[in-house]
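Undergrad: One structure, pasted below without further comment.
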């Protein structure tokens, strides 16, 4: 088996464990802690339908839950497991630390019981596409990968299932956000993957350097037997990921040295100058997806996946939901769901993927980005921007001198406006450039709502 496990078998039987935050990772952590014999208390200061459903599910197996507030009972916990949405600067987190309570992230907690190697992927953009590529490339007779973390299934849920069922040849393929890395202590991937670092989450971090520092926490526990795969074309990563204990491997569209795969004008070749795949055979268009594919291929080579399997997935993989996802055409107007674009660099990628008239839907919860930065990517192809949600005024003020704008209340109003005003040949593109949390619990629900609204128009 490749690599080594993260497991250290920490015994939490009869330990008082507090779970802060009842998203999917909080629910997963609660179920895992309960299975391991801990006395579990779950607390979430917010209240919505999803949280209520999760609360009911946990209470049905005897786990105590409070929602809508944090009572003093949270401080009875000897160990806290916090969800990614809970900031390290949250007053309750600071108070817990001041009382000497151990505070860890959900991925840290789950990793304590991981019997198999971890491949963790982070970056400002491209994470979801890349982990899906790696997962499919590694799905062979020799390996049994499973996808989780910030996408799909919570890591705690995966670990709980594996503790019960004892699979063979498992590899954990995890999408990791900076939020999940804020409270790690022993979390140690066999392979850490860094795709890029661009401005993001500046509503949570005081500076770009603080954001970069949070991302780089992923390598803190790796040793000389572990690996780092990183983007040689990224200036920050090139500077930060040098002279470290783990073995480092670069991937690049532009550079030919020290990479396992090289790109020329028409082909991707191996470092032995053997053709892997013609660029025209790649199923996902765009330079960003080429970079993601090279990252996935490099990881797969390290794991021992043969070239023919890597090529097969590169040519067949059709992309992931909510990332430049084609929805349908209605009366000559094409609708695309890019709800996963929660930062401005993702919006830039989306705009660069089209060369015709775009009605761009932007808005949601502002993450501190500078909306002026996307202007160079308009290139006379953005007909109008429809802004919605909490950030609509900020977007409108930033862009009002360069593009026609329409402010609406919510996503439904934005889609209806496009339906009434778009003409054949137009593209209606949901690429929000903002988080979803003002009106939706996550970007997936925002994307599903967009697709539902479009289908309602089609069937009206």
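Conditions tested, residue by residue: (1) buried (at least 21 other Cβ atoms within 10 Å of the Cβ); (2) outside the structural domain of residue 437 (by TED's automatic domain parsing); (3) at positive phi.
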residue	(1), (2), (3)
41	yes, yes, no
59	no, yes, no
65	yes, yes, no
68	no, yes, yes
72	no, yes, no
77	yes, yes, no
80	yes, yes, no
83	yes, yes, no
87	no, yes, no
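Undergrad: Taking only the stretch 297-350 into account, find how many residues are under 18 Å from the mean Cα position of the chain (by Cα) and part of a strand (DSSP E or B).
TA: Looking only at that region, the number is 2.
Undergrad: Scan the stretch 351-369 and tell me whether some residue there is assigned to a helix (DSSP H, G or I) and free of Cβ contacts under 8 Å to residues at least 40 places away in the same chain.
TA: The answer is no, given that none of the residues of the stretch 351-369 is assigned to a helix (DSSP H, G or I) and free of Cβ contacts under 8 Å to residues at least 40 places away in the same chain.
Undergrad: Sticking with this structure for a sec: For residue 103, which of the numbered conditions (1) surrounded by fewer than 19 Cβ atoms within 10 Å (Cβ to Cβ); (2) in contact with a helix residue (DSSP H, G or I) (Cβ under 6 Å, 6 or more places away or on another chain) fails to hold?
TA: Failed condition: (1).
Undergrad: Looking only at strands (runs of 3 or more DSSP E) that fall completely inside the stretch 172-253, which ones have 2 or more residues that are assigned by TED's automatic domain parsing to the domain that holds residue 112 and closer than 23 Å to residue 113 by Cα?
TA: Correct list: 191-194, 227-231.
Undergrad: What is the residue count in the stretch 107-137 for residues that are touching a helix residue (DSSP H, G or I) at 6+ places or on another chain (Cβ under 6 Å) and assigned to a helix (DSSP H, G or I)?
TA: Of the residues in that region, 9 qualify.
Undergrad: Let me ask another. Determine whether residue 437 is crowded, with 16+ Cβ neighbours inside 10 Å, within 20 Å of the chain's Cα centre (by Cα) and either outside the structural domain of residue 208 (by TED's automatic domain parsing) or touching a residue at least 40 places away in the same chain (Cβ under 8 Å) (or both).
TA: Against the criterion (crowded, with 16+ Cβ neighbours inside 10 Å, within 20 Å of the chain's Cα centre (by Cα) and either outside the structural domain of residue 208 (by TED's automatic domain parsing) or touching a residue at least 40 places away in the same chain (Cβ under 8 Å) (or both)), residue 437 qualifies.
Undergrad: Next up: Go through (1) in a helix (DSSP H, G or I); (2) modelled with pLDDT of 95 or more; (3) in contact with a helix residue (DSSP H, G or I) (Cβ under 9 Å, 6 or more places away or on another chain) one by one and return the number of the condition residue 161 breaks.
TA: For residue 161, the exception is condition (3).
Undergrad: Can you name the residue in the stretch 234-251 that is modelled with pLDDT of 90 or more and touching a helix residue (DSSP H, G or I) at 6+ places or on another chain (Cβ under 7 Å) and, of all such residues, is nearest to residue 180 (Cα to Cα)?
TA: In this case the residue turns out to be 246.
Undergrad: Name the residue, out of 285, 246, that is surrounded by fewer than 13 Cβ atoms within 10 Å (Cβ to Cβ) and in contact (Cβ under 8 Å) with a residue 40 or more places away in the chain.
TA: One residue alone meets the criteria, 285.
Let's see how each residue does on (1) part of a loop (DSSP other than H, G, I, E, B); (2) surrounded by fewer than 16 Cβ atoms within 10 Å (Cβ to Cβ); (3) not assigned by TED's automatic domain parsing to the domain that holds residue 345:
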position	(1), (2), (3)
372	no, yes, no
406	no, no, no
419	no, no, no
423	yes, yes, no
445	no, yes, no
452	no, yes, no
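Undergrad: Okay, next question. Are any residues in the stretch 376-395 surrounded by 15 or more Cβ atoms within 10 Å (Cβ to Cβ), in contact with a helix residue (DSSP H, G or I) (Cβ under 9 Å, 6 or more places away or on another chain) and in a helix (DSSP H, G or I), and if so, which ones?
TA: Across the stretch 376-395, the qualifying residues are 377, 394, 395.
The values are calculated or read from the model by the stated rules, or taken from the named source; none is laboratory data. As the structure is a prediction and not an experimental result, all values here were calculated from the model. Backbone-built Cβ (ideal geometry, glycine too); neighbour counts: all protein chains shown.
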